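Input: a single structure, listed below in structure tokens.
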Amino acid sequence: MSNEILTNQTLASYSNLSLYSAMAVFTIAMISFAIDLAGVAPKVAAPARELAGAGGPATTEVTPAAPAPRRRKAAGIGMSLSWLGAALLVAATALRGLSVERPPLGNMYEFSLVGCSFVMAVFLGLSTRRDLRWLGLFVVGPVLLTLGLAITVFYTAASQLLPSLKSYWLVIHVTVATLSVAVFTIAFSVTILYLVMSWLEALPAEQVTGMRAKVHTALPSARQLDRTAYGLHIVAFPLWTFTLIAGAIWAEQAWGHYWNWDPKEVWTFVIWVVYAAYLHARATTGWSVRRAAYLALAGYGCILVNYMVVNVFFVGQHSYSGM
């Protein structure tokens, strides 16, 4: 039976429509988060207070100005639209799978949809426990960029899986891999913000003016950002470890060998080594938090190579991009 017969083109069209709608909503959400950050009032010096006791020296303290109503409104709009955009994205992903009656994990386009859905799910899930409005721009922005690449560069018409992918290991291995990449993506954004904030905190107070002051006010402290990034990496690394092990088990069942030195296998292991080095550096004396953060960025750089270079340009047993 041909792919055309096995593919419900109506559902595939609805999937594309839902994706375009999600991208439109995410665009407005990204603008709202940008307005929120731009509207942050920089820290101002509070009036001098005298210490207890007559003639005590006056001291000044720096306190943030009250947030403008526009900031709160823009942030609320951004978060609400993020929920709506995530719902539309999940609908697009589900409709894509229903159109071919299989998990939507068969090519680069579908990987992108599922990965972005996981990124938004993790972000919105965490936002129910703490205020993450400051992170919205740096999550929705990369998601929107990835979806743009998916619909223009990675797009593949809905079709059936290659015979080698028809295994229950597809759902187990690829789903966990995509989830771990989603957590690594948010950790990457937070790590970048940590490096920015640690640089701002190291500057003399008189140099933290204008946009620097707004960023300094909008973001949590460098210590808080580092703890958040480290916690995300702690969650993502075991998931990636499982991905590596599950891939080896699937390879043995499909090809008769646990390890074949396929480009995808090699880069999956490289990513694991780099992030293992990051976690080891965090537990080792002599490594500063900032130096370890650069290892985390290198790890995410390897993920990008694995996703956008190895999947597309390298020929091997994992050539399933569909492009």
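Using protein chains only and a probe of 1.4 angstrom, how many square angstrom of LYS214 are accessible, to the nearest 10?
We get 60 Å² for LYS214.
Over segment 221-277, how many percent of alpha carbon pairs lie in each 10 Å bin up to the one with the longest distance?
22, 40, 23, 11, 4, 0
Per residue, how large is the accessible surface of segment 79-186? Use a 1.4 angstrom probe and give square angstrom.
38
Using only Cα atoms, what is the ratio of the radius of gyration of segment 178-323 to 2.2 N^0.38 Å?
So segment 178-323 has a normalised radius of gyration of 1.26.
At 1.4 Å probe size, with the rest of the protein present, what percent of the exposed accessible area of segment 161-213 is carbon and sulfur atoms?
71
Among LEU149, THR191, LEU170, which residue has its Cα furthest toward the positive end of the charge dipole of segment 132-230, with +1 on Lys/Arg Cβ and -1 on Asp/Glu Cβ?
Looking along the dipole axis, the top candidate is LEU170.
Looking only at segment 81-98, which residues have a backbone nitrogen under 18 Å from a spot 7 Å from the Cα of ILE31 in the C-beta direction?
81-86
Under the 0.36 nm per residue contour assumption, what length would be gained going from the current alpha-carbon distance of TRP259 and LEU203 to full extension?
Additional length available on full extension: 15.2 nm.
The values are calculated or read from the model by the stated rules, or taken from the named source; none is laboratory data. The model shown is predicted, which means the values in this text are computed figures rather than measured ones. With ideal geometry, Cβ positions are generated from the backbone for all residues, glycine too; neighbour counts draw on all protein chains shown. Protein only, heavy atoms only, side chains kept; ligands, DNA and RNA dropped before computing areas. Shrake-Rupley method; radii C 1.70, N 1.55, O 1.52, S 1.80 Å.
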